[in-house]
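All remarks here apply to the structure that follows.
The values are calculated or read from the model by the stated rules, or taken from the named source; none is laboratory data. Fair warning: this is a prediction, and the values are worked out from it, not measured in the lab. Backbone-built Cβ (ideal geometry, glycine too); neighbour counts: all protein chains shown.
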Amino acid sequence: MSTSAKRKAVSPTPGSSPPARPAPAGPTSPAAGSPEAAGVSSFPAAPANTDDALTGAHWLQQGMPEEDDQDADSSLGSDVESSTASISSSIFNYRMINGRTYHSDAVTDIEYWAPNDEKHLDSLEIYYHGVELLNDHQLHMSPLKDNIERVIDIGTGAGFWAIDFADKYPNCEVIGTDISPMQPSWVPPNLNFEISDASKEWTYKPNYFDLVHVRFFVGAIEDWNAFYREAFKVCKPGGWIEHYDHSPVVTSDDGSVVPGSAMDTYGKVLAEAARRIGRSATLADDDTMEEGLKAAGFVNIQTKRMKMPLSPWSDDKKLKEVGLCAYSTLSADVEGVVQYLFGNVMGWTPEEISVFAAHMRRELKDKNIHGYYHWKYVWAQKPEDAQ
Ligand SMILES: C[S@@+](CC[C@H](N)C(=O)[O-])C[C@H]1O[C@@H](n2cnc3c(N)ncnc32)[C@H](O)[C@@H]1O
């Protein structure tokens with residue numbers, strides 16, 4: 001399976017220059033009738049052309065937002081070509097970018113956007129709770145039998161789902177795979193973690209797993225059709241695959257996420273950066289999942305769509321809590337989410353990222369902004385008579 005050209009990890013070095021970028025956008029001011037003029041929030045105005053909207057210079061010109069300039073009422077306050085690599089010390093030789101660590105080049109040559117350090121993992125734990133709650137704490141959607149034998153969680157991260165699943169099904173062997181060895185060691189006895197690159201050919205026996213589970217894997221895979229073919233191969237006839245994922249494009253139903261705002265920029269630049277390294281970041285907005293599963297041979301394809309508020313702005317009790325989890329996660333590590341894709345791929349400087357992140361945090365705090373992500377849960381079955 002092909003991977004994109006390897007982009008080396010870069011730490012800033014004296015005398016190094018950033019990649020060539022378009023000229024900065026000119027200074028901006030709020031237009032009459034704009035949300036800012038209406039007192040909704042203070043946004044940098046959108047750069048005049050789309051290319052400029054994808055660069056960071058524009059954000060540097062804004063300067064840091066003032067933390068305390070919001071009306072208290074509108075602010076939230078404090079509230080291997082084979083897939084399996086052997087465990088060796090080289091998998092801990094993490095890539096280092098601007099003080100953050102990423103998976104080791106010894107494990108895979110693929111580009112993956114998220115750091116694997118403690119700061120990012122801490123934020124993921126809260127997020128896991130929010131993602132679970134969004135789907136009413138249903139660990140799985142497929143009608144699994146009580147006597148299932150083997151389940152695999154691809155891109156397990158810190159193994160939150162795998163641990164919960166292994167606890168619920170103590171007689172089932174659970175495997176969690178990842179390219180970073182960041183899983184805990186105190187786990188249920190029926191759970192094992194493996195360091196393995198899911199974008200390569202899978203080495204598990206054919207017709208082996210009752211369930212292949214994939215969650216929050218956006219931006220990880222270049223060829224989803226190939227990925228689902230591998231999943232089909234290892235899935236038992238009559239077994240299931242579940243893929244629960246989202247799109248980072250931020251939307252609002254009431255227009256409160258304004259073009260050119262940090263929230264608007266966030267999703268658009270992430271999606272464009274992912275596109276430039278051959279990935280789709282918009283799995284929940286398009287039909288990649290359903291079409292890939294169908295092409296691989298899965299049947300009984302079912303879809304559930306959900307909206308995840310990015311802060312606790314919703315009147316709905318559940319969505320308010322989901323929003324609080326999303327808010328805590330994102331505001332704790334905006335830099336971690338954007339650094340690789342904005343910096344290494346799109347050429348933003350660390351300073352531009354830093355100013356942008358401050359604006360993003362400020363907008364996340366503003367309860368007049370009703371931004372949300374799309375999430376999509378897709379589950380499907382391997383035909384009983386399949387080989
Ligand atoms: C955003 S995290 C989500 C983790 C977990 N599924 C959850 O819901 O909390 C995605 C994980 O996929 C892992 N990953 C990325 N590319 C991968 C690949 N090609 N093969 C296996 N794991 C990968 C990353 O290291 C990261 O831990």
Next item on the list: All but one of (1) within 13 Å of the ligand (Cβ to nearest atom); (2) within 30 Å of residue 328 (Cα to Cα) hold for residue 200, so report the exception by its number.
Entry: (2)
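Each row is one residue, and each column tells you yes or no for (1) outside any strand (DSSP E or B); (2) more than 13 Å from the ligand (Cβ to nearest atom); (3) touching a Pro at 6+ places or on another chain (Cβ under 9 Å).
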residue: 119; (1), (2), (3): yes, yes, no
residue: 153; (1), (2), (3): no, no, no
residue: 182; (1), (2), (3): yes, no, no
residue: 193; (1), (2), (3): no, no, yes
Notebook entry, point to check: Which one of 282, 288, 265, 303 is among the hydroxyl-bearing types (Ser, Thr, Tyr) and either closer than 18 Å to residue 153 by Cβ or surrounded by fewer than 18 Cβ atoms within 10 Å (Cβ to Cβ) (or both)?
Noted result: 303
Check: Given the structure, is residue 177 modelled with pLDDT of 90 or more, closer than 13 Å to residue 159 by Cα and of a type in the set (S, T, N, Q)?
Finding: yes
Checklist line | Single condition residue 181 does not satisfy, out of (1) touching a Phe, Trp or Tyr at 6+ places or on another chain (Cβ under 7 Å); (2) crowded, with 20+ Cβ neighbours inside 10 Å | finding: (2)
Margin query: Can you go through 113, 59 and tell me which one is assigned to a helix (DSSP H, G or I), at pLDDT below 80, within 20 Å of residue 333 (Cα to Cα) and not charged (D, E, K, R)?
Written below: 59
Margin query: Give all pairs with beta carbons closer than 9 Å in which a residue from the stretch 156-172 that is farther than 14 Å from residue 214 by Cβ and of a type in the set (Ser, Thr, Tyr) meets a residue that is within 16 Å of the ligand (Cβ to nearest atom) and in a helix (DSSP H, G or I); count only pairs at least 6 apart in sequence or on separate chains.
Written below: none
Next item on the list: State all residues of the stretch 208-239 that are away from the ligand (no atom under 12 Å from the Cβ) and of a type in the set (D, E, K, R); if no residue qualifies, say none.
Entry: 210, 229, 233, 236
Note to self: Being closer than 20 Å to residue 57 by Cβ and under 17 Å from the mean Cα position of the chain (by Cα) is the requirement here; does residue 273 meet it?
What the structure shows: yes
Check: Looking only at residues in the stretch 119-156 that are of a type outside the set (Lys, Arg) and closer than 21 Å to residue 344 by Cβ, which one is modelled with the highest pLDDT?
Finding: 155
Check: Given the structure, is residue 166 surrounded by fewer than 23 Cβ atoms within 10 Å (Cβ to Cβ), on the phi < 0 side of the Ramachandran plot and either of a type in the set (Gly, Ala, Ser) or assigned to a helix (DSSP H, G or I) (or both)?
Finding: no
Checklist line | Verdict on residue 380 being over 16 Å from residue 313 (Cβ atoms) and touching a helix residue (DSSP H, G or I) at 6+ places or on another chain (Cβ under 6 Å) | finding: yes
Note to self: Condition (residue is crowded, with 22+ Cβ neighbours inside 10 Å and over 18 Å from residue 115 (Cβ atoms)) applied to the stretch 331-341: is it met by at least one residue?
What the structure shows: no
Notebook entry, point to check: What helices (runs of 4 or more DSSP H) lie completely within the stretch 269-387 and have 1 or more residues being closer than 24 Å to residue 226 by Cα and among the acidic types (Asp, Glu)?
Noted result: 288-296
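Determine, yes or no, whether residue 282 is under 26 Å from residue 345 (Cβ atoms) and away from the ligand (no atom under 16 Å from the Cβ).
It is false that residue 282 is under 26 Å from residue 345 (Cβ atoms) and away from the ligand (no atom under 16 Å from the Cβ).
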Item checked: Matching residues, the stretch 221-268, being assigned to a helix (DSSP H, G or I), in contact with a helix residue (DSSP H, G or I) (Cβ under 6 Å, 6 or more places away or on another chain) and not aromatic (Phe, Trp, Tyr) -> 225, 229, 262, 263
